[in-house]
Amino acid sequence: MRVDSENLTAGPIERVLVRHEDLAAVAVYAVADPRSGDQVMAAVELLPGREFDPVAFADFLRAQPDLGTKWAPTFIRITRGLPQTASGKVAKGPLRADGWWRGDDPVYRRQSPGSAYTPMDGSDRSLLRAEFARHGRQAHVGG
C-alpha cells in the first residue's frame, strides 16, 4: 500500500496490532484515499467476551514504539471472524472489496493521526463518498 507517498507492507503493522490484549486476529490491507494513494484499514477479530474500546485502542497505538508514523489504521472493522482461504490463511480480497462502505460489521474511523476512533454511520459514509467524488476518485469505493 502507498500512504502519503510511502510504501508500507501489512505484515509489520499486523504484528504490532495483534499485541493488543483484546484481539484474537488481525488483517491489515489498503483502501483508497479520497485524494490519492491509500489508507490503512484493519479488520480485527476480538477474543470471546471482549468489546472494542476505541479510546483504549488509540491509546494502545500511541504507546507502541515500533509503530511507524503512517502505520496506524484509519479504519477498523470489527468482525466475528476473518474470511479464510481453503488452506486457512486470511483472505484479504473480500475485506478489500467491502472496504469501509459495505457489510454489516461495525467500522470505526479516526479523523486525524493520534485521534480516537469513532463509529461510522450512514451519514459518515455519505460524506466520505462525496469527498471521493470531489476528487474524481468515486470509482475507488464500491457501490
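Overview of values
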| quantity | calculated |
| --- | --- |
| Residues located in region 89-105, provided they are loosely packed, with under 13 Cβ neighbours inside 10 Å and without any contact (Cβ under 8 Å) to a residue 12 or more places away in the chain | LYS89, GLY93, ASP104 |
| Residue that is modelled with the lowest pLDDT, among those in region 106-116 that are under 18 Å from ALA30 (Cβ atoms) and surrounded by 14 or more Cβ atoms within 10 Å (Cβ to Cβ) | ARG110 |
| Qualifying residues in region 57-101 (those that are basic (Lys, Arg) and part of a loop (DSSP other than H, G, I, E, B)) - the one nearest to PRO34 (Cα to Cα) | LYS70 |
| Subset of region 59-84 [more than 19 Å from PRO12 (Cβ to Cβ), within 14 Å of the chain's Cα centre (by Cα) and either of a type outside the set (S, T, N, Q) or at pLDDT below 95 (or both)] | ARG77, ILE78 |
| Residues located in region 1-24, provided they are part of a strand (DSSP E or B) and out of contact with any helix residue (DSSP H, G or I) (no Cβ under 9 Å at 6 or more places or on another chain) | ARG2, VAL3, GLU6, ASN7, ALA24 |
| Cβ-Cβ under 6 Å pairs, at least 6 apart or on other chains, region 1-16 side closer than 13 Å to VAL28 by Cα and at pLDDT 90 or above, far side in a helix (DSSP H, G or I) and among the aromatic types (Phe, Trp, Tyr) | none |
| Scope region 106-142; condition in contact (Cβ under 8 Å) with a residue 12 or more places away in the chain, over 27 Å from GLU51 (Cα atoms) and either assigned to a loop (DSSP other than H, G, I, E, B) or basic (Lys, Arg) (or both); matching residues | ARG129, ARG134, HIS135, ARG137, VAL141, GLY142 |
| Among residues of region 46-62, those that are surrounded by fewer than 17 Cβ atoms within 10 Å (Cβ to Cβ) and without any contact (Cβ under 8 Å) to a residue 60 or more places away in the chain, counted | 10 |
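The values are calculated or read from the model by the stated rules, or taken from the named source; none is laboratory data. Quantities reported herein were computed from a predicted structural model and do not represent experimental measurements. Cβ atoms come from the backbone with ideal geometry, glycine included; neighbour counts cover every protein chain shown.
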